[in-house]
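Report on the following structure.
The values are calculated or read from the model by the stated rules, or taken from the named source; none is laboratory data. Please read these numbers as outputs of a predicted model, since none were measured by experiment. All Cβ positions, glycine included, derive from the backbone under ideal geometry; neighbour counts span all protein chains shown. Accessible surface areas use protein heavy atoms only, side chains included; no ligands, DNA or RNA. Shrake-Rupley method; radii C 1.70, N 1.55, O 1.52, S 1.80 Å.
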Amino acid sequence: ICIMEKQVLESSEERTFQYQDSLPSLPVPPLEESLSKYLDAVKPFLNQEEYQRTEDIVKKFENGIGKELHQKLLERAKTRRNWLEDWWLNVAYLDLRIATQIHCNMGGPGPFIEHCWPAKEGTQIERASINLWHTLKFWDLLRAEKVAIERSRDDVLDMNQFRMLFCTCKIPGVTRDSISSYFKTETEGECPSHLIVLCRGRVFAFDTIHEGNMVTPPEIFRQLTYIQKRCHSEPDGPGLAALTSNERTKWAELREYLIDLDPKNLTLLEKIQRSLFVVCLDDSSPHATPEDYTEVTRLGLTGDPTVRWGDKSYNSIFFSNGTCSAFCDHSPFDAMALISMLAYAEKKILENEGKWKGSDKVRDIPWPEELVFTVDQKIISEIGRTKELYYEKVSDLQLVNYAFTSFGKALIRKKKLHPDTFVQLALQLGYYKCHGRPGCCYETAMTRRFYHGRTETVRSCTMEAVEWCKSMLDPSSSTYERLQLMHKAFAKHNKMRKDCENGKGFDRHLLGLLLIAQEQGLPVPELYVDNAFTASGGGGNFVLSTSLTGYTRLSGSALPMVQHGYGFFYSIRDDRILVACSSWKSCPETDAEVLCRTVFQCFQDMLQLTVAAQL
């Protein structure tokens, strides 16, 4: 029997979603632990007197209303596997009324220019066909639950976000948006299988399954060529997709207006919502080199709004010179799910040297259909107004995406330092050098060890980091002192990250307590209106919005969280560190280019420190 059982186990591979039901629930940390971590985190931003005042407010909260709210939060957590999930979705994303396509979406450049596909005119459709085919293969694997389960050390990670990569779309609402997802695994049933293609203000659709089989790259090539030829020889379409870049309430009202104009419009909108994802044929030719992805990243995030569906969970953008980019609504998933999919496609493209090695046979499949919306003068002028506002806003963006090529993960690890912490501390030092003060910083930690876990905030600006920054700028400080302080700062950051990943962070906990108070109709507790709360980044006021996008060739970014802030996103490879840094030109004190160059210098300074120590 043992032998038989062993054989059964060996032959039955893990299914992507098989452990979803056995993942632990998201914990609620003890109140006093969260509050003591909070006090520690606000220290860098307060003087002695202010700190004293905040400490009193926190103690009062802990022994008073905070205790009650905490009890109510524990009650909520008893009946839910993830007490935060629906709250987070609403507060962080769906309740926002700003133009989320600009302020919240994320995106990143394809790394193909570094190997099989250097920028080259005339390759757009051919490369798109191959890239799309590999992405469709990933969808196929996901439906069959054959995508490998991700783990952190030995812990299984929640895989739920992967479902949102396909057939998922945000729908604008007058006061709150919603997410519709139509993805189904093979066991769950039928799943939509069509793609939407946006080109020159027009919208097309075609099915990726013909007579039970997936379309091949030559067949996709035929479909995309048909669309492109038509678009290039006929007048541009109205560019309805631009409306998704509006402020949310405005877009919700225009969407209702469109549906009232002609019920057929609703059918077409639903066809876009249900589609696998959106393919964008963009006429720009962004310059890109392995050391400088700036232009392709900027156009990926803030390019022509008539060829992006901002609410779709995945837009695959192909530029006219064969470069490409991903562009995603951030609400249904965090970057790592997307990066896993893109890394799969890149691996397959590389294995085949960027070519299609299968059959060139093209079946007689139905031509793509155009989705022609009924529009009137009001809609046409609203599209014009929206584009004007959009370009005005994105022209204010300063973004650089450079590679630091002196060293990378290999050397940092050789020095027995954690690569992610290395970059975070370099950023703290860089910000301190540029601005002469500590910068409150949000770093994403993932909580996917828990059921439907998403993120927790690591607040990188610690007292330990600040002490070290000061020593680096103090000429009287010895190498030995600087090194000691740096190691202290590293240890602190590593512990915080670990705590956050294990559900022991404090930002989501404090948010939960505030939301309980709001739901109960209670006044906002003093802790949340205290200056220390905002000054240290609370309530979405982080000056540095940062995230590691992993250790692969894939990188991505989003825009700053606040007007006077920066977006700082990085991927760490063996021999280089790729950084995408953004700021707003209209803010006189921030400069993405200067911060990025300064951080690169800080990488060198930190390495020097470890070298000097060994002498």
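Taking residues in the range 405-418 that are free of Cβ contacts under 8 Å to residues at least 40 places away in the same chain, and partners anywhere that are in a helix (DSSP H, G or I) and open to solvent by 70 Å² or more (accessible area, probe 1.4 Å), not one pair has Cβ atoms closer than 8 Å while being at least 6 places apart or on different chains. Based on what the data block shows, is D329 under 30 Å from P235 (Cα atoms) and surrounded by 14 or more Cβ atoms within 10 Å (Cβ to Cβ)? For D329, the condition - under 30 Å from P235 (Cα atoms) and surrounded by 14 or more Cβ atoms within 10 Å (Cβ to Cβ) - is met.
Selection over the range 453-506 of residues that are without any contact (Cβ under 8 Å) to a residue 40 or more places away in the chain, open to solvent by 50 Å² or more (accessible area, probe 1.4 Å) and either in contact with a Lys or Arg (Cβ under 8 Å, 6 or more places away or on another chain) or assigned by the TED database to the domain that holds A335 (or both) gives a count of 2. Put simply, of I209, I220 the only residue that is free of Cβ contacts under 8 Å to residues at least 24 places away in the same chain, under 30 Å from the mean Cα position of the chain (by Cα) and either over 17 Å from V307 (Cα atoms) or in the same structural domain as W309 (by the TED database) (or both) is I209. Contact annotation: residue pairs with Cβ atoms under 9 Å, 6 or more positions apart or on different chains, pairing a residue in the range 277-289 that is more than 22 Å from D311 (Cα to Cα) with a partner that is open to solvent by 10 Å² or more (accessible area, probe 1.4 Å) and assigned to a strand (DSSP E or B), are T289/A403. Taken over the range 519-540, residues that are over 19 Å from L96 (Cα atoms), out of contact with any helix residue (DSSP H, G or I) (no Cβ under 8 Å at 6 or more places or on another chain) and open to solvent by less than 70 Å² (accessible area, probe 1.4 Å) amount to 1.
When only residues in the range 97-111 that are open to solvent by less than 20 Å² (accessible area, probe 1.4 Å) and either outside any helix (DSSP H, G or I) or in contact with a strand residue (DSSP E or B) (Cβ under 7 Å, 6 or more places away or on another chain) (or both) count, which is farthest from K229 (Cα to Cα)? Of everything passing the filter in the range 97-111, A99 is farthest from K229 (Cα to Cα). Reported count of residues in the range 205-245, each being part of a loop (DSSP other than H, G, I, E, B) and either among the β-branched types (V, I, T) or open to solvent by less than 30 Å² (accessible area, probe 1.4 Å) (or both), is 5. Close contacts from the range 427-447, counting a first residue that is more than 18 Å from F569 (Cα to Cα) and a second that is small (G, A, S) and open to solvent by less than 30 Å² (accessible area, probe 1.4 Å), with Cβ to Cβ under 7 Å and a gap of 6+ residues or different chains, come to T447/G453; T447/G503. Listed by first and then second residue, the pairs with beta-carbon distance under 6 Å, at least 6 apart or on different chains, first residue in the range 52-66 and among the hydrophobic types (A, V, I, L, M, F, W, C), second open to solvent by 30 Å² or more (accessible area, probe 1.4 Å), are I57/E526. Taken over the range 397-425, the criterion of being of a type in the set (A, V, I, L, M) and in contact with a strand residue (DSSP E or B) (Cβ under 9 Å, 6 or more places away or on another chain) is satisfied by L397, L399, V400, A403, I412, V423. Within the range 173-198, residues that are over 17 Å from F17 (Cα atoms) have Cβ atoms under 6 Å from residues that are of a type in the set (F, W, Y) and in a strand (DSSP E or B) in these pairs: V197/F204, counting only partners at least 6 apart in sequence or on another chain.
In the range 559-568, is there at least one residue being at pLDDT below 95 and either of a type in the set (S, T, Y) or in a loop (DSSP other than H, G, I, E, B) (or both)?
Residues of the range 559-568 that are at pLDDT below 95, as a first pass: 561.
In the following step, the residues that additionally are either of a type in the set (S, T, Y) or in a loop (DSSP other than H, G, I, E, B) (or both) were identified as 561.
Scanning the range 559-568, I find at least one residue that is at pLDDT below 95 and either of a type in the set (S, T, Y) or in a loop (DSSP other than H, G, I, E, B) (or both), so the answer is yes.
Residues that are assigned by the TED database to the domain that holds T225 and in contact with an Asp or Glu (Cβ under 8 Å, 6 or more places away or on another chain): does the range 376-387 have at least one? No, the range 376-387 has no match at all.
Where in the range 460-556 are there helices (runs of 4 or more DSSP H), lying wholly inside it, with at least 1 residues that are at pLDDT 95 or above, of a type in the set (A, V, I, L, M, F, W, C) and within 24 Å of D591 (Cα to Cα)?
Details: elements: 463-473, 479-501, 507-519, 526-529, 531-535.
Qualifying helices (runs of 4 or more DSSP H): 463-473, 531-535.
One residue alone among E382, E392 is among the charged types (D, E, K, R) and without any contact (Cβ under 8 Å) to a residue 60 or more places away in the chain, and that residue is E392. Filtered by the rule that a residue be open to solvent by 20 Å² or more (accessible area, probe 1.4 Å) and either among the hydroxyl-bearing types (S, T, Y) or in a helix (DSSP H, G or I) (or both), the range 128-151 gives W133, K137, D140, L141, R143.
Failed condition for K357, given (1) surrounded by 12 or more Cβ atoms within 10 Å (Cβ to Cβ); (2) out of contact with any Pro (no Cβ under 8 Å at 6 or more places or on another chain), with all others met? It fails just one condition, (1). If you check D21 against the conditions, is it modelled with pLDDT of 95 or more and either under 21 Å from T462 (Cα atoms) or polar (S, T, N, Q) (or both)? Spelling it out, it is not the case that D21 is modelled with pLDDT of 95 or more and either under 21 Å from T462 (Cα atoms) or polar (S, T, N, Q) (or both).
Could you please let me know if V197 is over 19 Å from the mean Cα position of the chain (by Cα) and in a strand (DSSP E or B)? Spelling it out, V197 is indeed over 19 Å from the mean Cα position of the chain (by Cα) and in a strand (DSSP E or B).
Scan the range 130-146 and give yes if some residue there is modelled with pLDDT of 95 or more and polar (S, T, N, Q), otherwise no.
Residues of the range 130-146 that are modelled with pLDDT of 95 or more, as a first pass: 130-146.
Then drop every residue that is not polar (S, T, N, Q), which leaves 131, 135.
Among the residues of the range 130-146, at least one is modelled with pLDDT of 95 or more and polar (S, T, N, Q), which makes the answer yes.
Listed by first and then second residue, the pairs with beta-carbon distance under 9 Å, at least 6 apart or on different chains, first residue in the range 336-363 and touching a residue at least 60 places away in the same chain (Cβ under 8 Å), second of a type in the set (G, A, S) and assigned to a helix (DSSP H, G or I), are W356/S129. Yes or no: R248 under 20 Å from the mean Cα position of the chain (by Cα), open to solvent by less than 40 Å² (accessible area, probe 1.4 Å) and touching a residue at least 40 places away in the same chain (Cβ under 8 Å)? The answer is yes for R248.
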